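Data block below; observations after.
The values are calculated or read from the model by the stated rules, or taken from the named source; none is laboratory data. What you see is a predicted model; the values in this text were computed from it and never measured. A quick note on method: Cβ atoms are made from the backbone with ideal geometry, for glycine too, and the neighbour counts reach across all protein chains shown. Accessible surface is based on the protein model in full, side chains and every heavy atom, while ligands, DNA and RNA are left aside. Shrake-Rupley method; radii C 1.70, N 1.55, O 1.52, S 1.80 Å.
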Amino acid sequence: MGDIKIDPHMGLPAGFHFSQSNLQDFVDCPRRFYLRHILNQQWPAPTTEPQREFEQAMQNGERFHRVVERHQLGIPLSLMSALSPLDGWLTRYEQHLATLGPFDQVWAEIAFSSLIGNHTLVAKFDLLALKGNTIIAIDWKTGKLPQRPTLQRRLQTLVYLYVLHQEASRYLGKPLDTYTLTYASVATGEIQTFDYSPSEGYTGRLTTLLNNIQHSAFQKTDDQRHCRFCAYRSLCERGTTPTALPDEYDIDGDWAIPRDTENEVEF
Amino acid sequence: MRFLEGPAGTGKTTTAITHLSHLLMNGERPQSILVLVPQRTLGRPYQLALNQQPNAAGVDVVTIGGLARRSLERFWPLIAEQAGYPRSEPTFLTIETAQYHMAQFIDTAIQTGRFDSVSVPRARLIAQTLDNLSKAAINNFSLAEVTERLTGAWSGHSSRHMVYETWQTTVEQFRAYCQEHNLLDFSIQIELFTQHILNDPQIAAHLRDTYQHLIADNIEENNPIALDFIHWLWPSLDSALLIYDSDAGYRIFLGAEPEAAYSLQTLCDEHEALTTSRVQSPALQNLEQAITNAFTNEPQAQSSLVQEAFTFTFHSFYPQMLDWVCEQVIDLVERQNVEPREIVLIAPFLNDSLRFSIMNTLENAGIPIISHRPSRAIREEPIARALLTLMQWVNPVEPSLPPAADMANALEQLIDGLDPIRARILTEIVYGSAGRRELGSFDDINPKMQSRITYICGERYEQLRQWLIDMRTTVSEIPPDHFLRSLFGDIASQVGFGLHRQMDSGTVAAQLIDSAFDFRTSLYPEGTDDWAPVWRDYRELVSEGLLAAFHPLSWQKEETNAVFIAPAYTYLMRNRPVEYQFWLDVGSQAWGERLEQPLTHPYVLRRDYPLHRVWTDEDEQQSNWATLYKLMVGLVRRCRKQIYLAIADLGEQGFEQRGPLLHVFQQILQQDEA
Ligand code: SF4
């Protein structure tokens, strides 16, 4: 049935910056990257069914991150218990903090940006914690953690460690020895930790990826598993009804993505 | 601490962006920098610049409304109870959901007859009621003061006093309802921000520790609360750059206080004025001077260059004028190789017929054009109407077949290949064959008609019908927005259906669904097991025409290389100079006239307006005149090469036109001849 017209020379929109989530989109499916980030195409099909389950998972994730941010701003958890049905998560969150801490200093919901070539790469950390000369980026997950090799492959791991290494020392105004990314699940209590290691060739991998994006024809992915929970299915003629959310879906990577139309009321 | 002033086009924002880069390069933490703008669009140059810079993520580019909302989201548990609200998460109302909640109180007031003396449609009563609430909040007026100000300024029939009192009772009821249900409209957000967030010692310390550097751009457009906030933050700042556009102040209708903004200069130890326009040609600079002379009635020698700044023709009829505009645009783009983005078409108000007629002609000539229509309701979009029509039939609460004309339109929109005539025939048949409440099957139609409608369209109709019938059995278990999402994704955008690969339709549907989602979550933030009331209320919302406005333009689209057609103030607030401007319908009275708004008043509801002072016809005339002057100068300052004046003797409605803008140009031309 043909295809939509792709203009590979269209270029990235003004003000565009790369992030773990849009890079992951490109790796999963170049077409999705094109539609979502170059065309900024809204396509309001359900990503999963039942929709309510997905929505609730997103809402809970959002609420949990909000509670954590408030807690790090100095608001006692006891003041928020009435706000949250997420008591189990909060208990595990406190346990994680006890295990990973104590910290010299923490920053909640903080974003760093770094240049790579002519492009800006942004990482938004749930929590940054300084412990001696080690900087730890903690990423809370409200679902089960994927297997370690899967996490290792995720763009989030690459992007966060790269940006952390590039920017944290400058931000703190002091040299650092170790740069660590910790995934901590508040649903299961699991923890996975990755340290920055020069042998991983972060810059080279990211440069290649950005290069690939610039020369991409933005083809549809061959791996149709990605289409099962992609909103563009009807546009790509890759199926009608969505499936249930797979376990490996990273819901916490999504909740912070703002909607296309901002909701703030202006006067 | 620096105060930078100058007219548009003199490089103020560029200076501020350089200042921002220096701060970052000198190692200031991005999180310590606050860029305060009166409107999100005016923050765009900063965001673009920040994206070119390392270690710039975290600079806050916000409006005072955005800052208020974000602070409330963060610190709600600390202030909720003392502010008299429940400690559970609040619901932030959109304009649409605020209107919905307000409607019930306005209806009660209408029923008592206390609004009878103002003949304003219900929707505008609701909008103006909320507008007054917002004005109260940004000026820090109590509700009683709003009533007192409006009453004191009114010199007409005494029945208006009762209208203002009724307004106050109505909004007091609305406020109590919001408090009980933990709903925060814009005005409540602003009040809680000023009265609780900024007065809470812990939060105040956090905000003052966080923001060490302030850049406030277009302070002349910002409202009193934003200016108060600058005063509040001032003592703890390490640096500040305040930017004042010396001849703007277009948002006076939205509470801007240019004079109060200007007085902020007394806080600064450096004061710099930029005067050289980087935009205007000498001819346009002369035109600006000529306009100033015309307004001040000072006959001064006029440069011969003035006439080079603009070109005009008189047309007898409105359509001829539009043809002329299109011919000139085509000439500029095709023969003079002007980039389409360097052309803007400006009207005092942009109505649909004007927009359609120009857009059609230019699009047919292959010239890209985008329009901005801030006030069009999403329900006016054919795609949105089609989806809502089908929804009416599956609504679990009192489902009904929509009027046949609506259904025919929906089928035409949603079934690929079905033209309007076949859609009408198909609807007539399937409506007739199945009684009043059901959609008949294509299979039951006689073969001759089937063949006329075509089997392929019939098959698609059948597929859609079957999908809807299946949906009806489960639809009560889901909210309306989920239904719309499935209708779009599972069927309407699939191969063979009208929205397949229709990118613009995706945008319309997305906004419709987002607005349905906002509506539902404002009523049931925690969800519910019984969606029936939501379906009932949503139907009411749609039928009352309270659906949100449609915003067709994303940033990406707005920045494409296309001619831009917009209302004058929208263009001004985009703050994007162009080479060529076309001023449409120059004879119209609408240039320089204020909309009649009996329930509110942009000048009386300002801090600098004396309480109890009557607003006279002379005041009205003077303010209209001053507004027109600002508008003209603002436009001229945003033009690099030439202005085209499109004038028709008879306006769109066939009346002779002699509006104030035309009058000013006549004066300029007479002066030139003299
Ligand atoms: S549906 Fe499949 S091919 Fe299309 S954008 Fe989504 S993942 Fe890519």
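B:GLN280 - would you say it is open to solvent by less than 40 Å² (accessible area, probe 1.4 Å), over 23 Å from the mean Cα position of the chain (by Cα) and either over 30 Å from A:ILE75 (Cβ atoms) or modelled with pLDDT of 90 or more (or both)? The answer is yes for B:GLN280.
Keeping to region A:202-232, report how many residues are within 16 Å of the ligand (Cβ to nearest atom) and not in a helix (DSSP H, G or I). Let's see the steps before the verdict.
First, the residues of region A:202-232 that are within 16 Å of the ligand (Cβ to nearest atom): A:212-213, A:216-232.
Now drop any that are not not in a helix (DSSP H, G or I), which leaves A:216-223, A:230-232.
Qualifying residue count for the region: 11.
Screening B:SER371 with (1) touching a Pro at 6+ places or on another chain (Cβ under 8 Å); (2) open to solvent by 20 Å² or more (accessible area, probe 1.4 Å) gives one miss only, at (2). Just one of the listed residues (B:ALA216, B:ALA176, B:ALA226, B:ALA205) is without any contact (Cβ under 8 Å) to a residue 24 or more places away in the chain and within 30 Å of the chain's Cα centre (by Cα), namely B:ALA176. When region A:17-42 is limited to residues that are part of a loop (DSSP other than H, G, I, E, B) and open to solvent by 20 Å² or more (accessible area, probe 1.4 Å), the one that is farthest from the ligand (Cβ to nearest atom) turns out to be A:HIS17.
Taking region B:179-212 as the search range and keeping residues that are of a type in the set (S, T, N, Q) and not in a helix (DSSP H, G or I), which one is surrounded by the most Cβ atoms within 10 Å (Cβ to Cβ)? Walk me through how you get there before you give the answer.
If we filter region B:179-212 for residues that are of a type in the set (S, T, N, Q), which is where we start, we get B:179, B:182, B:187, B:189, B:194-195, B:199, B:202, B:210, B:212.
Subset that is not in a helix (DSSP H, G or I): B:182, B:199, B:212.
Values: B:ASN182: 16, B:ASN199: 13, B:GLN212: 19.
Filtering region B:179-212 for residues that are of a type in the set (S, T, N, Q) and not in a helix (DSSP H, G or I), the one surrounded by the most Cβ atoms within 10 Å (Cβ to Cβ) comes out as B:GLN212.
Taking the criterion of being closer than 12 Å to B:PRO382 by Cβ and surrounded by fewer than 22 Cβ atoms within 10 Å (Cβ to Cβ), the residues of region B:499-513 that qualify are B:GLN502, B:ASP504. Would you be able to say whether some residue in region A:80-88 is in a loop (DSSP other than H, G, I, E, B) and within 11 Å of chain B (Cβ to nearest Cβ)? Looking for residues that are in a loop (DSSP other than H, G, I, E, B) and within 11 Å of chain B (Cβ to nearest Cβ), one finds at least one in region A:80-88, hence yes.
For residues in region B:153-167 being surrounded by fewer than 18 Cβ atoms within 10 Å (Cβ to Cβ) and in a helix (DSSP H, G or I), which is farthest from the chain's Cα centre (by Cα)?
Our first condition is that a residue be surrounded by fewer than 18 Cβ atoms within 10 Å (Cβ to Cβ); within region B:153-167, this holds for B:155-162, B:165.
The next check asks that each one be in a helix (DSSP H, G or I); those that pass are B:159-162, B:165.
On the way: B:SER159: 32, B:ARG160: 29, B:HIS161: 30, B:MET162: 31, B:GLU165: 29 Å.
The qualifying residue farthest from the chain's Cα centre (by Cα) is B:SER159.
Residue check, A:ILE4 against (1) closer than 27 Å to B:ALA49 by Cα; (2) within 12 Å of another protein chain (Cβ to nearest Cβ); (3) open to solvent by less than 50 Å² (accessible area, probe 1.4 Å); (4) within 16 Å of the ligand (Cβ to nearest atom), all met but one. Which one? Here A:ILE4 meets the rest and fails (1). Number of residues in region A:219-244 that are free of Cβ contacts under 8 Å to residues at least 12 places away in the same chain and within 11 Å of chain B (Cβ to nearest Cβ) equals 1. Of the numbered criteria (1) within 14 Å of chain A (Cβ to nearest Cβ); (2) part of a helix (DSSP H, G or I); (3) under 29 Å from the mean Cα position of the chain (by Cα); (4) in contact (Cβ under 8 Å) with a residue 60 or more places away in the chain, the one B:ALA127 fails is (4).
Taking the stated definitions as given, is A:PHE64 closer than 29 Å to B:ASP504 by Cβ and open to solvent by less than 50 Å² (accessible area, probe 1.4 Å)? Full working, then the answer.
Values: closer than 29 Å to B:ASP504 by Cβ: no; open to solvent by less than 50 Å² (accessible area, probe 1.4 Å): yes.
Criteria not met by A:PHE64.
In this structure, is A:GLU109 at the interface with another protein chain (Cβ under 10 Å from one of its Cβ atoms), out of contact with any strand residue (DSSP E or B) (no Cβ under 6 Å at 6 or more places or on another chain), surrounded by 15 or more Cβ atoms within 10 Å (Cβ to Cβ) and touching a residue at least 40 places away in the same chain (Cβ under 8 Å)? For A:GLU109, the condition - at the interface with another protein chain (Cβ under 10 Å from one of its Cβ atoms), out of contact with any strand residue (DSSP E or B) (no Cβ under 6 Å at 6 or more places or on another chain), surrounded by 15 or more Cβ atoms within 10 Å (Cβ to Cβ) and touching a residue at least 40 places away in the same chain (Cβ under 8 Å) - is met. Screening region B:573-610 for residues that are under 26 Å from B:GLU259 (Cα atoms) and not in a loop (DSSP other than H, G, I, E, B) and picking the one that is most open to solvent (accessible area, probe 1.4 Å) gives B:ARG574. Close Cβ contacts (under 7 Å, 6 or more residues apart or on different chains) running from residues in region B:318-345 that are modelled with pLDDT under 95 to residues that are open to solvent by 30 Å² or more (accessible area, probe 1.4 Å) and among the small types (Gly, Ala, Ser) comprise B:LEU322/B:SER357. Under the condition of being touching a Phe, Trp or Tyr at 6+ places or on another chain (Cβ under 9 Å) and free of Cβ contacts under 8 Å to residues at least 24 places away in the same chain, which residue from region B:617-640 is farthest from B:LYS12 (Cα to Cα)? Across region B:617-640, the extreme among qualifying residues is B:ASP619.
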